[in-house]
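Student: For reference, the structure I am asking about is given below.
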Amino acid sequence: MRDIKDINWLAGFLEGEGSFMMTRNGKKSRMPRLTASQKQRWPLEKVLSIIRLGNVHYIESIDMYFYNLYCNNAIQWMMTLYSLMSPRRQEQIRKVIELWKNSPGSVGNGSVNRNKTHCPKGHEYTKENTYMCLKKNGKISRSCRICGRRHRKEYYEKSGK
């Protein structure tokens, strides 16, 4: 469990040095992002130690360190910190969450794949033709049963099994 003092420190730090935004990921998709930048590494390492997610990296050409957190994790922390932030920051967070919830091309809310009605080969995702699978990362994925059968058949024919 995180210490409330650390959460308060994080809120104060991000109030002054942080940013809450939607950022592009390729041409179509967008994703929520929580970011902060500093000349010194240690404040961002502290952010990382409190949140326990994201990354800190250094860009030598501008002599700056950056902390970034994306997608659902960024949304979770925005919601966690919301009540501790100023009205201006709360408005930024509200806008990001609203865009994230309503954007069909937003990464991290599952809508990119959830809104697909057909597999890449053109088979419709129906109850009978869809296989649901729990991945190691805890996320649920779906796949086309027709494509799966075809793939297994080709694999066995190729391998001689």
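We did not get these values from a lab; they are worked out from the coordinates using the rules stated. Since the structure is predicted, the reported quantities are computational estimates derived from the model, not experimental observations. Methodologically, a virtual Cβ is constructed for each residue, glycine included, from the backbone with ideal geometry; neighbour enumeration extends over all protein chains shown.
Student: From the phi angles alone, apply the Karplus equation (6.51, -1.76, 1.60; θ = phi - 60°) to the range 47-55 and give each ³J(HN,Hα) in whole Hz, x where the residue is Gly or Pro.
Tutor: Computed from phi, the couplings for the range 47-55 are 4, 4, 5, 7, 6, 6, 8, x, 8 Hz.
Student: Treating the angle as unsigned and between 0 and 90°, give the value, to the nearest 10°, between the Cα long axis of helix 4-17 and the longest Cα principal axis of the chain.
Tutor: Relative to the chain, helix 4-17 is tipped by roughly 90 degrees.
Student: Beyond 17 Å, how much of the Cα-Cα pair distribution for the range 116-159 remains, as a whole percent?
Tutor: Summing the P(r) tail past 17 Å for the range 116-159 gives 41 percent.
Student: Once you've got the GNM for the chain with C-alpha springs shorter than 10 Å, pick whichever of 43, 87, 32 has the biggest mean-square fluctuation.
Tutor: Maximum among the listed residues: 87.
Student: Also: Answer with one residue from 72, 16, 34: the one whose Cα lies farthest towards the positive end of the charge dipole of the range 4-106, charges on Cβ with Lys, Arg +1 and Asp, Glu -1.
Tutor: Final value for the positive-end residue is 72.
Student: OK, next. Report, to the nearest 10°, how far helix 145-159 tilts away from the longest principal axis of the Cα atoms in the chain, using its own Cα long axis and a range of 0 to 90°.
Tutor: In the chain, helix 145-159 runs at an angle near 70 degrees to the longest axis.
Student: Then there is this: Listing 13, 20, 66 from the residue with the fewest other Cβ atoms within 10 Å to the one with the most, what is the order?
Tutor: 66, 13, 20
Student: Can you flag which of 116/153; 95/121; 39/95; 5/95; 95/116 are past 30 Å Cα-Cα?
Tutor: Long pairs (Cα-Cα over 30 Å): 95/121.
Student: Continuing with this model, one more query. For Kirkwood radius over Cα pairs in Å, one of (i) 17.6; (ii) 19.9; (iii) 18.5 was computed from the structure I shared and the rest are decoys. Which label?
Tutor: Structure-derived value, by its label: (iii).
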